[in-house]
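The values are calculated or read from the model by the stated rules, or taken from the named source; none is laboratory data. Predicted model only: the values in this text are computed from it and were never measured. No Cβ is skipped: glycine too gets one built from the backbone with ideal geometry, and neighbour counts run over all protein chains shown. Calculation scope for accessible area: heavy atoms of the full protein, side chains included, ligands and nucleic acids excluded. Shrake-Rupley method; radii C 1.70, N 1.55, O 1.52, S 1.80 Å.
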Amino acid sequence: MKNKMNRGILPMLVASVLVPAISVAADEDGHKLELKLRGVHFDREFETSSKDRTQTALGLQLNYDSPYFGDIIRFGVSGYSVTKLDASGLATTDVLSVDNHGDLHDSFGKVGQAFVKLKYRDKAQLKLGRQLYDSMLLISSTSRAIPNTYSGASGQLTPVAGLKLYGAMFDEWSRRADASFEKFATDRSDEGDIDYVGVIGAAYSKGPYDLNLEYLNSKDFLTKVGLVGSYTFALADKNKLKLTAGLHTARDAGKLFVTSSENSELDDEDVPGARAGVTRSDNDGRGVYLDADWSYGNVSLGAAVAKFDGSWIEDNFTGDHGMNPFPTGGVLADMTNNDETVWMVRAGYDWKDYVKGLKTTVKYKYGTDARNSHVSSLGEADESELELDVRYQIPLLKGLNFRYRYLKYTSDKTGRVDGVLEDNTDHRVYLDYTYRFF
């Protein structure tokens with residue numbers, strides 16, 4: 001394990017530090033140009049050893065944003081590239097993508113963002129084109145060398161202070177490890193692509209109160225609703241306690257939700273004799289949770305519990321593995337199975353009094369009584385995930401950050417519970433550098 005990690009980290013460090021410096025001058029205030037470099041190394045081990053692999057890559061982003069012209073319109077464009085530095089084991093898409101011959105791509109580049117943004121004072125905004133997006137149920141994941149991006153339109157209205165109405169509609173997206181934009185689709189369906197993924201929501205914040213309601217429609221495939229509310233208690237000596245409650249549902253929405261449409265690699269919990277990609281399926285899953293987060297000085301402590309009725313599906317379309325709104329949600333497995341109860345505890349510490357820029361967080365999640373969503377007697381399971389997250393702002397150079405993430409997932413399964421996976425362990429290392437020209 002140690003030798004594999006050293007082989008991956010060394011080229012990542014060298015490539016990240018030895019990138020040539022670029023010097024550009026700005027002609028007008030308000031223009032923004034930045035270069036982001038990310039060295040990323042994944043070392044993954046599975047109970048089935050043939051799945052073991054390591055992948056190391058260098059991701060680059062060159063992001064430009066114009067100022068607002070006439071206080072109405074501005075433009076933005078981003079060029080992305082990913083270069084393979086090292087890889088071993090099973091050739092499958094993690095940090096890198098696989099070509100038609102089953103080999104990992106050596107490199108690729110693309111125009112990841114290209115958008116026009118319009119605004120009316122501070123009341124309304126509209127963004128058209130390729131873009132990053134972040135809401136309760138749909139996000140651009142940033143856990144690989146570059147983020148995934150969407151193509152379409154998004155916007156928001158602020159009718160009164162504290163209230164935001166927002167929405168988005170996208171018809172294409174580009175994966176974190178691919179060069180092209182593509183239509184949304186399911187894992188298995190003979191019915192065609194998903195025409196669009198749309199989001200509409202409202203968020204309200206005033207004083208200690210926060211409330212967010214969001215609806216997502218993955219056309220003819222899946223609909224979701226999320227409702228989250230929180231209240232923050234300001235205690236003595238800058239001590240804070242935040243309590244959050246959430247309700248999330250996920251339901252089938254039409255002809256594209258068929259057997260194996262949600263994940264073709266798993267044996268779907270469906271009716272006997274169902275044909276993968278053909279037989280219409282159904283889903284009615286919901287989950288509720290309570291979360292408490294306490295912070296005092298350099299210390300933060302938290303705990304949460306979630307309960308599920310039916311399977312809450314994380315993926316909105318094939319390849320979408322970046323959004324789990326539950327604080328109890330696992331990184332390596334969703335932990336949102338039928339009848340499952342999941343407990344989570346976390347502890348964080350800011351070491352600034354000893355090592356400036358160093359922060360650590362430990363989380364442990366334990367799920368019990370997960371059952372087959374079609375017939376409970378056909379399968380049951382328990383599962384757990386341990387996460388250690390170390391972040392360090394390296395003082396050697398402004399904008400240079402290091403992150404190490406350790407994840408260990410274990411399960412005990414009898415029969416068929418599709419969302420419960422085999423034991424696996426991840427080591428994830430990130431080295432990020434951001435340089436702003438202007």
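Rounded to whole Hz and in sequence order, give me ³J(HN,Hα) for region 39-53 from the Karplus expression 6.51 cos²θ - 1.76 cosθ + 1.60, θ = phi - 60°, writing x for Gly and Pro.
Here the 3J(HN,Hα) series is x, 9, 10, 10, 10, 10, 10, 10, 4, 8, 4, 5, 8, 4, 6 Hz.
Using just the helices of the chain, give the 222 nm mean residue ellipticity in deg cm²/dmol: DSSP H runs with n ≥ 4 each add -39,500 (n - 2.57), and the total is spread over all residues, rounded to 500.
-1000 deg cm²/dmol
Filter the cross-link list K51/K413; K32/K238; K224/K365; K84/K183; K164/K224; K238/K359 down to pairs whose alpha-carbon distance in this structure exceeds 28 Å.
K32/K238, as the Cα separations exceed 28 Å there.
Ordered by packing density, taken as the mean number of other Cβ atoms within 10 Å over each peptide's residues, highest first, how do 236-242, 144-150 rank?
144-150, 236-242
Can you pick out the pairs among K127/K408; K240/K356; K117/K398 whose Cα atoms lie more than 32 Å from each other?
K127/K408
Between S143 and K255, 0.36 nm times their residue separation minus their Cα-Cα distance comes to what?
Stretched fully, the S143-K255 segment lengthens by 37.2 nm.
Give me Rg over Rh for region 174-243, both radii from the alpha carbons and Rh done the Kirkwood way, two decimal places.
We get a ratio of 1.23 for region 174-243.
Would you mind pulling out the separation of the Cα centroids of region 308-355 and region 363-415, in Å?
Region 308-355 and region 363-415 have Cα centres separated by 7 Å.
Over all directions, how big on average is the projection of the convex hull of the alpha-carbon atoms in the chain, in square nanometres?
22.3 nm²
Name all residues of region 139-159 having a backbone nitrogen under 14 Å from the label point set 7 Å from the Cα of Y64 along its Cα→Cβ direction, giving them as ranges.
The answer is none, because no backbone nitrogen lies closer than 14 Å to the label point.
So what are the ³J(HN,Hα) numbers for region 159-172, from phi and the Karplus equation (6.51, -1.76, 1.60; θ = phi - 60°), rounded to whole Hz, Gly and Pro as x?
x, 9, 4, x, 10, 10, 9, 9, x, 7, 9, 10, 10, 9
Setting aside same-chain residues fewer than 8 positions from K242, which aspartates and glutamates have a Cα under 19 Å from its Cα?
Filter leaves D210, D291, D293, D350.
From the phi of every residue in region 404-420, what ³J(HN,Hα) in whole Hz does the Karplus formula 6.51 cos²θ - 1.76 cosθ + 1.60 yield, where θ is phi - 60° and glycine or proline is x?
10, 10, 10, 9, 10, 10, 10, 8, 9, 10, 10, x, 10, 9, 4, x, 8
Can you tell me the accessible area per residue over the chain, all protein chains present, probe 1.4 angstrom, in square angstrom?
On a per-residue basis, 49 Å².
According to a simple spin-label model (label point 7 Å from Cα along Cα-to-Cβ), what is the distance in nm between S50 and R403?
Placing both labels 7 Å along Cα→Cβ, they lie 3.4 nm apart.
Taking 0.36 nm per residue of separation and subtracting the Cα-Cα distance, what length does fully extending N239 through K164 add?
Length gained between N239 and K164: 24.2 nm.
What are the equivalent ellipsoid semi-axes of region 328-419, built from the alpha-carbon gyration tensor (square roots of five times its eigenvalues), in whole angstrom, biggest first?
One finds semi-axes of 37, 11, 8 Å for region 328-419.
May I ask for the longest run of the chain untouched by GluC sites (Glu not before Pro) that are loop-located per DSSP and have at most 10 neighbouring C-beta atoms (other than their own) within 10 Å?
29-264
Given a 1.4 angstrom probe, I'd like the percentage of the accessible area of region 51-156 that is carbon and sulfur, rounded to a whole number.
Reported share for carbon and sulfur atoms: 53 percent.
Could you list the residues of region 120-145 with an amide nitrogen less than 19 Å from a label point located 7 Å from the Cα of L213 in the Cα-to-C-beta direction?
Within reach of a label on L213, which here means backbone N under 19 Å from a point 7 Å along Cα→Cβ, region 120-145 contributes 135-138.
What lysines does K255 reach when the alpha-carbon gap must be under 16 Å and sequence neighbours fewer than 8 apart in one chain are set aside?
Result set, ordered by chain and number: K219.
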